[in-house]
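Okay, so here's the structure we're looking at.
The values are calculated or read from the model by the stated rules, or taken from the named source; none is laboratory data. Since we're looking at a predicted model, the values are computed, not measured. Please note: Cβ atoms are built from the backbone with ideal geometry, for glycine as well, and neighbour counts cover all protein chains shown. Side chains are part of the model used for accessible areas, which takes the heavy atoms of the whole protein and leaves out ligands, DNA and RNA. Shrake-Rupley method; radii C 1.70, N 1.55, O 1.52, S 1.80 Å.
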Amino acid sequence: MSQPVENLDHVLKTHKLSHPEYEEIVRILEGRHPNIVEIGIFSAMWSEHCSYKSSKKYLNGFPTKAPWVIQGPGENAGVIDIGDGMAAVFKMESHNHPSFIEPFQGAATGVGGILRDVFTMGARPVANLNALRFGTISGESDTAKYQRHLVRGVVEGIGSYGNCMGVPTIGGEVSFDESYNGNILVNAFALGLVKADEIFLGVASGVGNSVMYVGSKTGRDGLGGAVMSSDSFTEASKSLRPTVQVGDPFTEKLLLEACLELFKTDHVVGIQDMGAAGLTSSSFEMAGKTGAGIKMNLDKVPARESGMTPYEFMLSESQERMLICAKRGSEQAIIDIFEKWDLDVAVIGEVTDTGRMELFWHGEKCADMPIAPVSEEAPILNRPTMRPAYLDEVNAKTVESFSTVEDQKAYEILLGALEVADKAWIYNQYDSMVQTNTTKGPGSLDASAIRIKENGKALSMSADCNPRYCYIDPRKGAALAVVESGRNVAMSGARPLAITDCLNFGNPENPEVMWQFAQCCEGIKEACIALYTPVVSGNVSLYNETNGVSVFPTPAIAMVGLNDDQNKVLPSVFQKEGNTLLLVGETKGAFGGSLYIKALYGETAGSLGEFDYTKELALWELVIEANKKGLLKCAKDVNLGGIAIALSKMAAVSSIGIEADVTVENSRDIFDESQSRAILEVESDAVDEVIAMANAVDLSITKIGTIGGDKVKINQVELSLQEVKEIYFETFAKTLIG
């Protein structure tokens, strides 16, 4: 092997390794100094992005088990039982840093990566969601212009990859805040279906079994991507464009079909996507799970560029690649499948019993490392935490701290807020109906849903997080992200079963950021335990910071739920004039972190009140059971902008007016954001039964109006239905296009 590297200080700095970490590396190598290939491997595997070294201590307590959980965290994606021998496979991941540097490719490869995570498990992807956070897009400042460029690029990248793959993008969420001016967040979710007894895992075992490379050729794109995603941004970060991968959805479509054909055979021991850190992470993780060793011949890896080195082969993040542990004797059969699909395939190594990774380059050993310490024993950091200084000031403010705004004016401002406005400009670029299983798609409010042709059931899913809540109270804010995603799923008539998360935070070296992270994790744990919705997969994205300014804590949550009857997916918009509207839940004048304070006064302030998990579960149960009985025509939860905005969105999307009279203590409380509330549409002959069901579980329920007419009137605020539709449907596109 080559000699130890020169200019060690410079090498460690560029690889984001500390001197104490280097000393640990020397100890692991039994006193031998690492060469540049080995340093690159340690750098990638011990990066924040791959090792979770700052976050792991807080993730360990997440609830991950339930009778319906087949596979929890630790594999490419989580798996839950959905009955009749079927399982749902899903995960959410971030592609934040790459998308800020190169929005189209960053977002596109984020979609490609999450799809590979799903079909690597043996599942055919059937649905995509995304959760996007951008900065200021209004106005003519350089920041606003650049943010609009990022929106266009990210949306185009997501649409391009998902559409080419033939996987519908059925929903998502988009929000805007100046805290994301220096770091946008692009979180991608994918869900697939598989027979419960045909799930594949990312393992390598069986001495003498072959290690095979399949997919695209390896190039130099994405070099250092995992390390780049484990550092903060500065002005110099724009030079990192070469660390962003380049995606090819047409190749990935071939890879998907080839893998699904392979999975019908008995040739595979394990299979792993080459994602962050490429060949390094896939090989070390597969062997690390079983204690096996691997020998690999890097000169046999298919290359698309000449003169590539072992270092580049191990750290390239070229897309559309998989690593397979194949049963000995099955090599030619696997080669035949992938060559039929016009994909590269090669036997590049074999499984050993040494517990070591031995890498060869034209017959000469270029790296020799014990696998377990690299893959399983990355340093776990106990970073200092400190409650942020800003909290005392923002929590001290209440809605009464601000000047009074006339309700009609407030209503029109909130209705025109970018977070409220319909995002048709975005979701119309996504194919939401391909595969013909989407029963509740983008723009239909609350959760999205697909039918399961194989068993007549339906899956609902929703991605949610209110970063303002998390900023003013990280623990309660994160808990409410779980609550909100679950409530959205329940409003479609489905029972929430499990979550995947994508935890986006600033610089973990800042004690205030680590405090936010720790508190958010506690909130997620608390909510998932109380609501019986375990965490089955997830992702952590740290260092979302530019020039010392971190993003708001943003623990995005995607909830998946099951409806036993695909014909009973409940809409979230008005169905018929003359039907009665019921409001379930109590309006308490909650304005902490509200859209009301942000849109009217430009601040994120206040405090979050207490909320009751028992009431929340009772609300879910009411809607699910009343829907099973056919008593409900639609259901929508009340969140951003309160009752007034919820009713207005329902009216706009359904093109049916509403006149509502809601009993509130203060007139502005029609904009409050109290929890555990929903609006239900019922026919007149079902009103008494639904009220009785709510009373039986101690839920407040009141009649608030009747659907119909050509205006939207809620207490003292009023616009014509046409005016509401124009504001709701046109605001976002006008702002983005300028």
*So which strands (runs of 3 or more DSSP E) are wholly in region 667-723 and hold at least 2 residues that are out of contact with any helix residue (DSSP H, G or I) (no Cβ under 6 Å at 6 or more places or on another chain) and closer than 15 Å to Val638 by Cβ?*
678-682, 701-707
*Which one of the conditions (1) closer than 23 Å to Asp446 by Cα; (2) surrounded by 19 or more Cβ atoms within 10 Å (Cβ to Cβ); (3) not polar (S, T, N, Q) does Arg668 fail to meet, given that it meets all the rest?*
(1)
*asked:* Conditions first: (1) among the aliphatic types (A, V, I, L, M); (2) modelled with pLDDT of 95 or more; (3) in contact with a His (Cβ under 9 Å, 6 or more places away or on another chain). Ala44 passes all but one, so which condition is the exception?
replied: (2)
*Go through region 469-515 and give me each residue that's basic (Lys, Arg) and open to solvent by 10 Å² or more (accessible area, probe 1.4 Å).*
Arg475, Lys476, Arg495
*What number of residues within region 555-583 satisfy the criterion of being more than 30 Å from Asp81 (Cβ to Cβ) and open to solvent by less than 40 Å² (accessible area, probe 1.4 Å)?*
7
*Among the candidates Ala372, Ala378, Ala367, which residue alone is part of a strand (DSSP E or B) and either open to solvent by 50 Å² or more (accessible area, probe 1.4 Å) or of a type outside the set (Ser, Thr, Tyr) (or both)?*
Ala367
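Answer yes or no as to whether Met296 is in contact with a helix residue (DSSP H, G or I) (Cβ under 7 Å, 6 or more places away or on another chain), in a helix (DSSP H, G or I) and farther than 27 Å from Asp197 by Cβ. It would help to see each step written out before you state the result.
Working: in contact with a helix residue (DSSP H, G or I) (Cβ under 7 Å, 6 or more places away or on another chain): yes; in a helix (DSSP H, G or I): no; farther than 27 Å from Asp197 by Cβ: yes.
Against the criterion (in contact with a helix residue (DSSP H, G or I) (Cβ under 7 Å, 6 or more places away or on another chain), in a helix (DSSP H, G or I) and farther than 27 Å from Asp197 by Cβ), Met296 does not qualify.
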*Search result, residues across region 451-467 that are of a type outside the set (S, T, N, Q) and under 18 Å from the mean Cα position of the chain (by Cα)*: Leu459, Met461, Ala463, Asp464, Cys465, Pro467
*Of the numbered conditions (1) basic (Lys, Arg); (2) open to solvent by 10 Å² or more (accessible area, probe 1.4 Å); (3) modelled with pLDDT of 90 or more, Arg241 satisfies every one except a single condition; which is it?*
(3)
*Count of residues meeting criterion [open to solvent by 10 Å² or more (accessible area, probe 1.4 Å) and among the small types (Gly, Ala, Ser)] in region 431-461*: 5
*Could you check how many residues of region 590-633 are surrounded by fewer than 17 Cβ atoms within 10 Å (Cβ to Cβ) and in a loop (DSSP other than H, G, I, E, B)?*
7
*asked:* Out of the residues in region 111-148 meeting the condition of being open to solvent by 10 Å² or more (accessible area, probe 1.4 Å) and among the hydroxyl-bearing types (Ser, Thr, Tyr), tell me which one is nearest to Glu257 (Cα to Cα).
replied: Tyr146
*Of all residues in region 537-582, count the ones that are at pLDDT below 95, out of contact with any helix residue (DSSP H, G or I) (no Cβ under 6 Å at 6 or more places or on another chain) and either within 26 Å of Gly443 (Cβ to Cβ) or among the small types (Gly, Ala, Ser) (or both).*
1
*Would you confirm whether any residue within region 312-324 is in contact (Cβ under 8 Å) with a residue 12 or more places away in the chain, touching a Ser or Thr at 6+ places or on another chain (Cβ under 9 Å), surrounded by 20 or more Cβ atoms within 10 Å (Cβ to Cβ) and among the aromatic types (Phe, Trp, Tyr)?*
yes
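Among the residues of region 14-36, write down those that are of a type in the set (D, E, K, R) and surrounded by 13 or more Cβ atoms within 10 Å (Cβ to Cβ). Walk me through it before giving the result.
So the first thing to find is which residues in region 14-36 are of a type in the set (D, E, K, R), and the list is 16, 21, 23-24, 27, 30, 32.
Within region 14-36, Lys16, Glu21, Glu24, Arg32 qualify.
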*Given Ile707, Ile727, Ile658, Ile679, which one is open to solvent by less than 10 Å² (accessible area, probe 1.4 Å) and within 32 Å of the chain's Cα centre (by Cα)?*
Ile679
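Take the residues in region 179-220 that are within 28 Å of Asn437 (Cα to Cα) and of a type in the set (Gly, Ala, Ser), then tell me which one is most open to solvent (accessible area, probe 1.4 Å).
First pass over region 179-220, keeping only residues within 28 Å of Asn437 (Cα to Cα): 186-201.
Among the residues that remain, those that are also of a type in the set (Gly, Ala, Ser) are: 188, 190, 192, 196.
Numbers: Ala188: 11, Ala190: 0, Gly192: 0, Ala196: 38 Å².
Ranking the candidates gives Ala196 first.
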_Against the conditions (1) open to solvent by less than 50 Å² (accessible area, probe 1.4 Å); (2) within 25 Å of the chain's Cα centre (by Cα), where does Phe263 fall short? Just the number, please._
(2)
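Suppose the filter is in a strand (DSSP E or B) and open to solvent by 10 Å² or more (accessible area, probe 1.4 Å); does Glu173 pass it? Step through it out loud before you land on a result.
Details: in a strand (DSSP E or B): yes; open to solvent by 10 Å² or more (accessible area, probe 1.4 Å): yes.
Here the answer is yes, as Glu173 does meet what is asked.
Let's see how each residue does on (1) β-branched (Val, Ile, Thr); (2) under 24 Å from Asp177 (Cα atoms):
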residue	(1), (2)
Val374	yes, no
Asn382	no, no
Arg387	no, yes
Tyr390	no, yes
Val394	yes, yes
Ile413	yes, yes
*Given the conditions (1) surrounded by 22 or more Cβ atoms within 10 Å (Cβ to Cβ); (2) modelled with pLDDT of 90 or more; (3) hydroxyl-bearing (Ser, Thr, Tyr); (4) out of contact with any strand residue (DSSP E or B) (no Cβ under 8 Å at 6 or more places or on another chain), which single one is not true for Thr290?*
(1)
